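Comments concern the structure below.
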Amino acid sequence: QVQLVESGGGLVQPGGSLRLSCAASGSIFSMNIMGWYRQAPGKERELVATITSGSTNYADSMKGRFTISRDNAKNTVYLQMNSLKPEDTAVYYCKYSSWSGDYWGQGTQVTVSS
């Protein structure tokens, strides 16, 4: 089992920045993919970005504004979000994937509004 705890969400004005964190604990394997997804009201959950030990992948609409990174020593993945827009408002979920399965965090709310 893997437990994921997200933090860092909140209310921010358009053009502002937020940094999300996701700490993983439990049966962590070195070969894994961690990522961020988001779900806005009335919409399906969508990919934001993923990261392995050697590569990153971003949804096209996030490229240049969002940066995913990880600290393997802390089993933590981060999402730096800059130039936030109202349409970035959503619940952001952390995901851990390995041969043992997929695990999701509880989500953290990000609201971009003036």
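The values are calculated or read from the model by the stated rules, or taken from the named source; none is laboratory data. What you see is a predicted model; the values in this text were computed from it and never measured. Using ideal geometry, Cβ is built from the backbone for each residue, glycine included, and neighbour counts are taken over all protein chains shown. Ligands, DNA and RNA are stripped out before the accessible areas are found, and what is left, the full protein with its side chains, is counted by its heavy atoms. Shrake-Rupley method; radii C 1.70, N 1.55, O 1.52, S 1.80 Å.
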Practice task
Select, from Lys74, Lys95, the only residue that is touching a Gly at 6+ places or on another chain (Cβ under 7 Å), over 19 Å from Thr111 (Cα atoms), touching a residue at least 40 places away in the same chain (Cβ under 8 Å) and of a type in the set (Lys, Arg).
Solution key: Lys95
Practice task
Can you tell me which residue within the range 5-16, out of those that are part of a loop (DSSP other than H, G, I, E, B) and open to solvent by 60 Å² or more (accessible area, probe 1.4 Å), is nearest to Lys85 (Cα to Cα)?
Solution key: Pro14
Practice task
Test Tyr37 against the stated conditions and say whether it is part of a strand (DSSP E or B), open to solvent by less than 70 Å² (accessible area, probe 1.4 Å) and over 18 Å from Val110 (Cα atoms).
Solution key: no
Exercise for the section: Please go through the range 17-34 and pick out each residue that is open to solvent by 60 Å² or more (accessible area, probe 1.4 Å) and either of a type in the set (A, V, I, L, M) or touching a Lys or Arg at 6+ places or on another chain (Cβ under 7 Å) (or both). Expected result: Met31, Ile33
Exercise for the section: List every residue pair whose Cβ atoms lie under 7 Å apart, where the two residues are 6 or more positions apart in sequence or sit on different chains, the first residue falls within the range 5-32 and is over 23 Å from Ser55 (Cα atoms), and the second residue, located anywhere, is open to solvent by 60 Å² or more (accessible area, probe 1.4 Å) and assigned to a strand (DSSP E or B). Expected result: Gly8/Arg19; Gly9/Gln109; Gly26/Gln3
Exercise for the section: Count, please, the residues in the range 60-109 that happen to be of a type in the set (Gly, Ala, Ser) and either farther than 24 Å from Pro41 by Cβ or modelled with pLDDT under 95 (or both). Expected result: 8
